[in-house]
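The values are calculated or read from the model by the stated rules, or taken from the named source; none is laboratory data. Because the structure is a prediction, the values reported are computed rather than measured. Here Cβ is always computed from backbone atoms with ideal geometry, including for glycine, and neighbour counts include all displayed protein chains.
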Amino acid sequence: MAAAAAALCRRAYTTSMPPSAHVDVAIVGGGMVGSALAAALNANPLTRQLRILLLDRQPPLALPRQVPEWDDLCVSTLTAPTVDILRELGVWRSLSVAAAPFCDMQVWGADDGYVRFDATAVGQAVMGHVLEDSLLKAALHDQLRARGSTVQLMMPATAVAADLPPYSPAAQLEGGSFVRLQLDDGSSLTTRLLVGADGCSSQVRQWSQFRCSGSEREQASLVATVATSWPNQTALQRFLPTGPLALLPARGGFSSVVWSCPSQMAAQLQALPRHELAAAITSALTSGTHYPPKPRLGELLGGILASARSTRFVAPPTVTAVVGHGPRTFLQTAQHAGRYVRPRVALVGDAAHSGHPFGLASQGVNLGFGDAKVLAAAIADAVATGQDIGSAAMLERQYERPRRQPCSAMLSAADALRAIYMPQEGPVAGLRSLGLDIVNNTPLLKQALLRIAMHGL
Amino acid sequence: MRKPLSELLATAGRAAASQTLHSWLISQPSVACLSSLSRSSWAASADFSGTAGSIPLDVPALKQQQPVPVPSTVGGAAAGGAAAGGAAARGAALPSPAAAAAAAPAAAAGGHGSTVNQQEAAKFAALAGEWWDPAGPFAPLHAMNPVRCRFLRTALCSAFGRDPTQPGPLAGLSLLDVGCGGGLLAESLARMGAHVTGIDVNQGGIATATAHAALDPDLHARLTYRTASAEQLVAAGECFDAVVASEVIEHVASIPAFCSALAALARPGGGVAISTLNRTPRSYLAAVLVAEHVLRWVPPGTHDWQRFVTPEELAAQMEESTSGGGGGAPLRLQLLSGMQYNPVTGAWSLGRDTAINYIAWFGKPPGGASPGVAHG
């Protein structure tokens, strides 16, 4: 991973700023969501003239001239609204060649019952794209360094401390109302709005002292790039008792494996030799007494339900080899911040709500892109009506309130999936496969679920 | 049906003192009766019933609450004369303590001008320190601020030929905010690029505004606050590109004099923006009954429904105030918009319904004598 990062990085980019400089928006965290927010602010004529600063510990990335052969290990599934955002930012053209589209998705469990979603059922050509995180980040960094960009990049740099203004306006009148940020090289700067885009272990969230509700489950994610017996075109996800295992199409005919399991199990799998790991993945996908799942309802109704193609079970391909840079494990955390904003501070992306291991594979970043879009629009609206961009009332009304509901709903859905798929016995297990059968054979219900999956909540 | 009813009510209305009428209104939730009666007491001193395009006095029309279209000519002299007569007659026909108190201290205060209503001013003096708390007593103004700024941005950009899609479109314009209070509107206008002078008779509000403006180095240079009244500035011969009086006109003692002062302070080619509450049954329900007594958003007694001005009356006042004295072409109503509050989402929006809150832009035609010192 470090070697790949070094290969992709062209040059370190630092701007030296005079001490105690003042900016309008300081974004801490130059990942996918932070960079997207900076690019969105830069693209809007209303917010272009704001002094925007992007801070990150790592130097900026650059898109390689030739797309590498293997996928990098961290991939994300991008939904249609995210692709629209990237298109508006002007980075999708360079990324579409590297992204792997898929038009159907199949979800099944350890027992009978499965659902297969097809994008053509709702008149769409593709359901989503799978793209490496590093390429997405590199494209956004290239956009931010292009000619005509007014965003200032301080990469690498680390913010070590922040003085945040108090909540009450009377106290702000006495103590001054801007945020003062201390950097690791000793300099400091003041900013009108501090945006925390620094991931699930966010420092900005800690400084803001927001309460977090999170699960302490010891769950880890094993990611690997694999070659399969035939090119995989479907996003496959099997909910095992230990966690979901996803096989996502990647470019070049390869596939990306994301296996959520207890961290001990993940460590054991990572230690296996490559061919054994490939066999383990295949057996996890195809094993079990109820494999391949036979839909009881489908059998009863026989050939009456004509849409046989879209309801047939697609057997996953055999995983032949683990390619690329080898498997890695990441510890999964599920955190939801109690508030997203306070005077002069806003959290976006994983800093506000980080992914739940039982969610649909790798699509937490879509919520983050939604956050970036809504926050950029809120800041533009504040500029248009002469409001203070750091005002807590404006941030709460225009950003937190619209985002709270979809983010909570997505995390609740992930919790619900876990509650459905964890039990191995009892009424839930029995109804599970029947429920999946019903969904699989009811076009209206499937289309509704498909629209949610493709466009978010 | 219409004429006999209004005559009957006019005689009844003259007899009823405004204060007892007001307390009777609060105790009687039947709004349709109320509005026709109180309109009569206002109309008792000024005969609006014969004026074309005026508010219909029959109850079914009131119940429909259609937004009344702005008439192109509002029975010019009749309404103007009626309004002027109304201002003088108000002191006689409405023996409310507020009006009586206004006459005496206004004369005694000497130099503060005749439009300052001391009792109204005192209501705001008590809350001076709490202007900038978005959850405090001025929360409704904070919530409404973005919407009125959006209207002002559109109106000022179209009047001065600026591009509203660019940041800082009001750069180089000199604006006067009359009754600026704690500086809520003045700061927003300054953020859009204008040089804003904010005036208020309330010393505490000016102090709060100055302290808050000092927090932001970008704004500090473009904001000036003074304790003064509009009449004092007119007497000093000052002149601005545009004058804004937002949520002020319902608190002044004499509306015609206030309108004249605002018109005199705007240079030819500029204009005056006024936002206030309409005097309709719905505005009584919303601004007095619900906001003051039920929800307690503002302390009871903040708004006197009698003082509310309808868009037609305001347009008539602005036309009459410049054509009457002092020279200069009359200000014409060019943009009118209602501001509606959605109680479910808690958001304000601009719309066509002017029944409760509205904001209007009056343009002063270019050319004609521009008196005194112009502010660059």
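Out of the residues in the range B:175-185 that are more than 9 Å from chain A (Cβ to nearest Cβ) and at pLDDT 95 or above, which is surrounded by the most Cβ atoms within 10 Å (Cβ to Cβ)?
Within the range B:175-185, the subset more than 9 Å from chain A (Cβ to nearest Cβ) is B:175-184.
Checking the rest, the ones that are also at pLDDT 95 or above come to B:175-178.
Numbers: B:L175: 26, B:L176: 27, B:D177: 31, B:V178: 27.
That would be B:D177.
Condition check: within 14 Å of chain B (Cβ to nearest Cβ) and in a helix (DSSP H, G or I). Does A:L375 satisfy that? Steps first, please.
Values: within 14 Å of chain B (Cβ to nearest Cβ): no; in a helix (DSSP H, G or I): yes.
For A:L375, the condition - within 14 Å of chain B (Cβ to nearest Cβ) and in a helix (DSSP H, G or I) - is not met.
Can you work out which of the residues in the range A:29-49 that are in a helix (DSSP H, G or I) and within 14 Å of chain B (Cβ to nearest Cβ) is surrounded by the most Cβ atoms within 10 Å (Cβ to Cβ)?
Going through the range A:29-49, the residues in a helix (DSSP H, G or I) turn out to be A:32-43.
Retained after the next criterion (residues that are within 14 Å of chain B (Cβ to nearest Cβ)): A:41-43.
Numbers: A:L41: 26, A:N42: 20, A:A43: 15.
Only one residue fits best here, namely A:L41.
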### Query
Just one of A:V322, A:V383 is modelled with pLDDT of 85 or more and closer than 30 Å to A:R116 by Cα; which is it?
A:V322
#### Entry: Count of the range B:272-303 residues which are touching a His at 6+ places or on another chain (Cβ under 8 Å), touching a residue at least 24 places away in the same chain (Cβ under 8 Å) and of a type outside the set (A, V, I, L, M)
0
### Task
Could you run through the range B:213-251 and say how many residues are outside any helix (DSSP H, G or I) and at pLDDT below 90?
2
### Evaluation of B:H212 against (1) closer than 25 Å to B:T154 by Cβ; (2) within 10 Å of chain A (Cβ to nearest Cβ); (3) touching a residue at least 60 places away in the same chain (Cβ under 8 Å) (one fails), failing number
(1)
### Task
Determine which single condition B:S188 fails, assuming it passes every other condition in (1) surrounded by fewer than 21 Cβ atoms within 10 Å (Cβ to Cβ); (2) within 12 Å of chain A (Cβ to nearest Cβ); (3) in contact (Cβ under 8 Å) with a residue 12 or more places away in the chain.
(1)
### Query
For A:T77, which of the numbered conditions (1) closer than 30 Å to A:S287 by Cβ; (2) in a helix (DSSP H, G or I); (3) modelled with pLDDT of 85 or more fails to hold?
(2)
### Task
Any chance you could count how many residues in the range A:397-432 are touching a helix residue (DSSP H, G or I) at 6+ places or on another chain (Cβ under 8 Å), farther than 30 Å from B:P146 by Cβ and surrounded by 19 or more Cβ atoms within 10 Å (Cβ to Cβ)?
2
## Note on the structure
Screening A:R339, A:R403 for residues that are within 30 Å of A:V23 (Cα to Cα), over 13 Å from the mean Cα position of the chain (by Cα), away from chain B (no Cβ under 14 Å) and in a helix (DSSP H, G or I) leaves only A:R403
### Residue pairs meeting the criteria (Cβ under 6 Å; at least 6 apart or on separate chains; first at the interface with chain A (Cβ under 9 Å from one of its Cβ atoms), in the range B:134-157; second hydrophobic (A, V, I, L, M, F, W, C) and assigned to a helix (DSSP H, G or I))
B:P134/A:A393; B:N145/B:L184
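Which of the residues that make up the range A:26-51 are more than 20 Å from the chain's Cα centre (by Cα) and over 22 Å from B:P164 (Cα atoms)? So that I can check it myself, show each step before the final result.
Taking the range A:26-51 first, the residues more than 20 Å from the chain's Cα centre (by Cα) are A:26, A:41-51.
Within the range A:26-51, A:A26 is the sole residue that qualifies.
Quick one: count up the residues across the range B:227-248 that are away from chain A (no Cβ under 14 Å) and closer than 27 Å to A:G390 by Cα. Show your work before the answer.
If we filter the range B:227-248 for residues that are away from chain A (no Cβ under 14 Å), which is where we start, we get B:227-243, B:245, B:247-248.
Add one more test, that the residue is closer than 27 Å to A:G390 by Cα, and what stays is B:245, B:247.
Total meeting the criteria: 2.
How do the helices (runs of 4 or more DSSP H) wholly within the range A:127-217 filter down when requiring 2 or more residues that are surrounded by fewer than 17 Cβ atoms within 10 Å (Cβ to Cβ) and either of a type in the set (F, W, Y) or within 14 Å of chain B (Cβ to nearest Cβ) (or both): which remain?
Correct list: A:169-175.
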### Selection from the range B:197-209 of residues that are more than 14 Å from every other protein chain (Cβ to nearest Cβ), part of a helix (DSSP H, G or I) and touching a Phe, Trp or Tyr at 6+ places or on another chain (Cβ under 6 Å)
B:I206
## Note on the structure
Of the candidates B:G168, B:G172, the one satisfying the condition of being within 10 Å of chain A (Cβ to nearest Cβ), part of a loop (DSSP other than H, G, I, E, B) and either surrounded by fewer than 21 Cβ atoms within 10 Å (Cβ to Cβ) or of a type in the set (S, T, Y) (or both) is B:G168
### Query
Can you tell me which residues in the range B:284-320 are small (G, A, S) and at pLDDT 90 or above?
B:A315, B:A316
### Query
Does at least one position in the range A:70-77 carry a residue that is of a type in the set (S, T, N, Q) and buried (at least 22 other Cβ atoms within 10 Å of the Cβ)?
yes
